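Here, each number is a calculation from the coordinates, and none is a lab measurement. Quantities reported herein were computed from a predicted structural model and do not represent experimental measurements. Counting neighbours? That spans all protein chains shown, and the Cβs are built from the backbone with ideal geometry, glycine included.
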Amino acid sequence: MRAEVLLEGRGVTKRFGGLTAVSQVDFELHRGEILGLIGPNGAGKTTLLDCLTGVEPANEGTITFAGQSLIGLKPHQVVKRGIARTFQVVQPFPTLTVRDNVAMGALFGSTRAHKDVRRAQTVADEKLAFVGLTNKADQPAAQLTLGERKRLELAKSLATEPELLLLDEVNAGLNPAEIKTAIDLMRKIRDEGVTLLVIEHVMKVIMDLSDRVIVLHHGEKIAQGSPDDVTNDEGVVRAYLGEKYAKLLALDR
Amino acid sequence: MFPIWTKNQWLALWLGIAVLVAIPQFTDNDGTRMWMDILMYMILAMSWNFIGGLTGYPSFATAAFFGLGAYTTAILMNHGAPFLVAMPLGGVVGATVALLLGILILRLRGHYFAIATYGAAEGLRELAENLEITGAADGINLPQIEGTVDYFTQYFYYSMLAVAVLTVLTVYWVTRHRLGYGLVAIRENEDAAGMLGVVATKYKIVAFMLSAIFPAMAGGVYAYRAAFVEPIDVFDVLFSIEAIVMALLGGVGTIVGPLLGAFFLELINDFLWSHFLEFHTAFLGLIMVLVVIFTPRGVMALVQEVRKKGGLRALGGILLANTQRFKV
Amino acid sequence: MIYLQILVNSVLLGGMYAAIAVGFSLVWGVMNILNILHGTFLMLGGYITFWLFHLYGVDPFLSLPLSAVAMFFLGYFIQLGIINQVIRASFFMTLVLTFGLELIGVKMALFFWTGDYRSVQTEYAGYSFQVGGVVIPLVRLALFGLGLLLTGGLFWFMAVTRTGRAIRAVRIDLEAAQLMGVNPAKIYATTYGISAGLAGAAGALVSAGFAISPVTDVEFLAKSFVICVVGGLGNITGALAGGLVLGLVENFGALYFGPGLQNALGYAVLLLVLFIRPSGLLGRAGYH
């Protein structure tokens, strides 16, 4: 039996002027699973996250989280419902220390917000230990390497104590060793009981990690299912590699 | 983020306040007046720091709130209100206008925000120059304070000191609490702050109100002391500029920076006023140019860096390095 | 009839206002600098015209190019020597820097020339003609025409010349422009010089039709704010629209509320526009 549906979208659509970035997308996310969201560049993956988090409100459709609608909420309200997010382009508070960066999440984002600064810093230290950045806690965030910044971003999101974590290409630009660390971290996060929605370009990550995968192309959902199902789907291959390769692949079989 | 105040720093703060309380006993009335001016500029600089330093929204509205407080105090006292009622009410009026203005303009960023605050301040001055209730360009008189020169010099001094202590304690409170963290998060990256749950609009408005209330009260003291207010004086944009330069000089966004900046710039000002009255603003301009080019992070940061790099011999090198940092 | 007259006055004024603001808009758009010195260049240009007329009887419309060239070089070297040093700092720092320079400039002007209002009284200052009952003062018409010429000239320059293209390239993508062999230090200095030169020319216009004083510097800076905010940055229609709106607001404001409040009304329009459209009425269009 499947776990309860935590997040559900029906007919989610986002238009920018004449361009439809996300078109009539349905999806659901079960508590405790890792859902991969993939698709070629410009497929609308990040825009879909923007719709979920209120950064770019959807034009049409419904989005419910734990039974409650998210439509019309601002980003700062969404995070308090228990949805945290990292950005493809990391957004640290550059001159603040790594610890204070993470403390911000605990101070403001948590559903049981830690109004006390020192308590928030304790939480920050816990999260930094979790992502393995304890030794950098007192450095300004601007001095971190890209890999470290991505982990900082994770720690910040985790400090908001989310039920659902949306990860936007945490592995982009990382080397294989860093990617391995990141994958282990994501598993660890899931084992703590957090549900994950992961946008990813590195196929290996998606294959290793996801329970299910959704594929977007030109803003539309073209496939969903287990990682194996999806990679064998002709439509998906066509979207990624073009018509010619799809035919070759079909012949191959 | 903000250093937790050590016991020694607390001691220094209370010692400082004790010294300030005692000052009128150790100096003549001229000296007391000079210290009162220093306190006034400390209030303006620390207040600007709430919105400009911590939140990163460079406001030019300090003069607007100062003038509003001055006029509110003047008008209320002319209607029979005692000073100690009128002056705090001036603060309330300043904060209320900041609230309304903030709702209007705190959605703006960068240049547009700076221009809007400047426009609001100048607009208020123009308004004061044309309304009957403010006595138009002629200004209005306030009731004269009774008593000896010693008495009223000290009366104004201690009023200003009270406002200054209130400001410092507010700075302390804000930087120890969520509010201060939220403001800094907005400065560092407003979008990311929102994603973490900071309600930016609310926080910015609170910061703007904090930047208004104390200058408005200082304006009230200033007005009662002068026994006369006129638009060109109390709405002078130089109040905004000096507050900004003082914060810059000491270190924008720090706790002690604006205090030190106000102290030093006012000492310099005092010297310039007495020796080069005519060129006072030109020197202020020169200081602005030099600070921006040579110590953009303020004198405090400079002193720290000099210490770290081994004394005064390193100073030249550090200044030179500062000039290279933001070159084309 | 009075409405028509005021409308005509506003349009004539608007042309000159466009020329006042267009250089300010250029520096803002290309270098992200809120140039407080703009009004100072304008004031200095006005004084050059005034003194040339007062001492040697040079007609203000003849000395206009001189004001422009002098201010071009002043602006060029201020940017090259001072502002370029901190150009990559936050806009707040360059704002404080230009504000400091403005305080110095105005103080010097006050010291040398006092705060008295001066105006150029040419022989033809009082000439005017009538069209269908509407009085059109000759000087105001000339200011309008030259204002349009300066504004249009800038856009021609930006669109057609090599330097204009380099400026646009630097604005759009600094790194790419550098790869193409553009020297940003020089381009910034040139841009700032052009802006200052336009301000100098506009100052000559102002002194030919109105009174100038060191303190007018802030007044025209504020007008530039309003025009840029209303019209948006960096497009010719924006500058003209902004100038026209300000002209209308000032003239009709004076009619309904008395002349004392016309500046306050300008600020009210500024705040209103920013409230409705946080990035200006016509938005950012760029020099295209």
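The table for this structure:
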quantity: Cβ-based charge dipole, chain B, positive-most Cα from B:Thr201, B:Thr148, B:Leu100; calculated: B:Thr201
quantity: Within chain A, percent of DSSP bridges classed antiparallel, to nearest 5; calculated: 55 percent
quantity: Cα long-axis angle, helix A:243-252 against chain A (0 to 90 degrees, to the nearest 10); calculated: 70 degrees
quantity: Exercise: per-residue mean of other protein chain Cβ atoms within 10 Å, C:98-109; calculated: 6
quantity: CD proxy at 222 nm, helix term only [per DSSP H run n ≥ 4: -39500 (n - 2.57); per residue of chain B; nearest 500]; calculated: -24500 deg cm²/dmol
quantity: Student exercise, the protein assembly as shown dipole from Lys, Arg, Asp, Glu Cβ charges, in Debye to nearest 20; calculated: 1820 debye
quantity: Number of partner chain Cβ atoms within 10 Å, mean per residue of B:276-282; calculated: 4
quantity: Range of Cα positions in chain C per principal axis (Å), largest first; calculated: 59, 46, 33
quantity: Projected label distance in nm at A:Thr122 and B:Phe264, using a 7 Å step from Cα toward the beta-carbon; calculated: 4.0 nm
quantity: Summed side-chain charge close to A:Asn59 - residues other than A:Asn59 whose Cβ falls under 13 Å, Lys, Arg +1, Asp, Glu -1; calculated: -1
quantity: Farthest toward positive dipole pole in the protein assembly as shown [+1 Lys/Arg, -1 Asp/Glu at C-beta], among C:Thr216, C:Leu205, B:Ile293; calculated: B:Ile293
quantity: Beta bridges per DSSP with both ends in the protein assembly as shown, % antiparallel, nearest 5; calculated: 65 percent
quantity: Förster radius 51 Å - calculated FRET efficiency between A:Thr134 and C:Ile2 (Cβ-Cβ, nearest 0.05); calculated: 0.10
quantity: Segments B:51-57, C:222-228, C:114-120, C:130-136 sorted - mean Cβ within 10 Å per residue, highest first; calculated: B:51-57, C:222-228, C:114-120, C:130-136
quantity: Between the stretch A:89-132 and the stretch A:1-37, the alpha-carbon center distance in angstrom; calculated: 29 Å
quantity: Value of Rg to Rh for the protein assembly as shown (Rh from inverse mean 1/r over Cα pairs, i.e. Kirkwood); calculated: 1.01
quantity: Mean shadow area of the stretch A:183-222 over all directions, Cα convex hull, nm²; calculated: 3.2 nm²
quantity: Rounded tilt (10° steps) of C:138-160 against the dominant C-alpha axis of chain C; calculated: 20 degrees
quantity: Residue with peak Gaussian network fluctuation, chain C [Cα springs, cutoff 10 Å], from C:Phe53, C:Phe99, C:Phe112; calculated: C:Phe112
quantity: Within chain A, helix-based [θ] at 222 nm, where runs of 4 or more DSSP H residues each add -39,500 (n - 2.57), nearest 500; calculated: -11500 deg cm²/dmol
quantity: Whole-number percent relative contact order across the stretch C:29-77, with pairs defined as alpha carbons under 8 Å at least 6 apart; calculated: 32 percent
quantity: Expected 222 nm ellipticity per residue - DSSP helices of 4 or more, -39500 (n - 2.57), all of chain C, to 500; calculated: -25500 deg cm²/dmol
quantity: Amide H within-cut-off set for A:Glu60, under 5 Å, with H built and near neighbours excluded; calculated: A:Thr13
quantity: Ranked packing of A:77-84, B:295-302, most packed first, by mean Cβ within 10 Å; calculated: A:77-84, B:295-302
quantity: Partners for B:Lys204 among lysines (Cα-Cα distance below 17 Å; same-chain residues under 8 apart left out); calculated: A:Lys74
quantity: Unit charges on C-beta of K, R, D, E only; dipole of chain A, Debye; calculated: 520 debye
quantity: Debye, to nearest 20: dipole size of the stretch A:120-253, +1 on Lys, Arg Cβ, -1 on Asp, Glu Cβ; calculated: 300 debye
quantity: Mean separation of Cα contacts under 8 Å (6+ apart) over length of chain B, as relative contact order %; calculated: 29 percent
quantity: Neighbouring partner chain Cβ atoms per residue of C:23-35, average, 10 Å criterion; calculated: 1
quantity: In sequence order, calculated HN-Hα J values of the stretch B:14-24 (Karplus, 6.51, -1.76, 1.60; Hz; x Gly/Pro); calculated: 5, 4, x, 4, 4, 4, 5, 5, 7, 3, x
quantity: Top positive-direction residue, dipole computed over the protein assembly as shown with Cβ charges, set C:Gly253, A:Pro176, C:Gly46; calculated: A:Pro176
quantity: For the stretch A:43-58, 3J(HN,Hα) per residue [Karplus equation, 6.51 cos²θ - 1.76 cosθ + 1.60, θ = phi - 60°, Hz, x = Gly/Pro]; calculated: 6, x, 5, 5, 4, 4, 4, 4, 5, 5, 9, x, 5, 10, x, 5
quantity: Mean Cα-pair separation over length for the stretch A:1-92, i.e. relative contact order, pairs under 8 Å, 6 or more apart, %; calculated: 29 percent
quantity: ³J(HN,Hα) computed for each position of the stretch B:52-66 - Karplus, 6.51 cos²θ - 1.76 cosθ + 1.60, integer Hz, glycine/proline x; calculated: x, x, 6, 8, x, 10, x, 9, 10, 9, 3, 4, 4, 6, 4
quantity: Highest-first arrangement of C:11-18, A:121-128, where packing means the average Cβ count within 10 Å; calculated: C:11-18, A:121-128
quantity: Nearest 10 degrees, 0 to 90: helix C:262-276 Cα axis against chain C principal axis; calculated: 50 degrees
quantity: Pairs of lysines in the stretch A:116-253 (C-alpha under 25 Å apart; 8 or more residues apart or interchain); calculated: 22
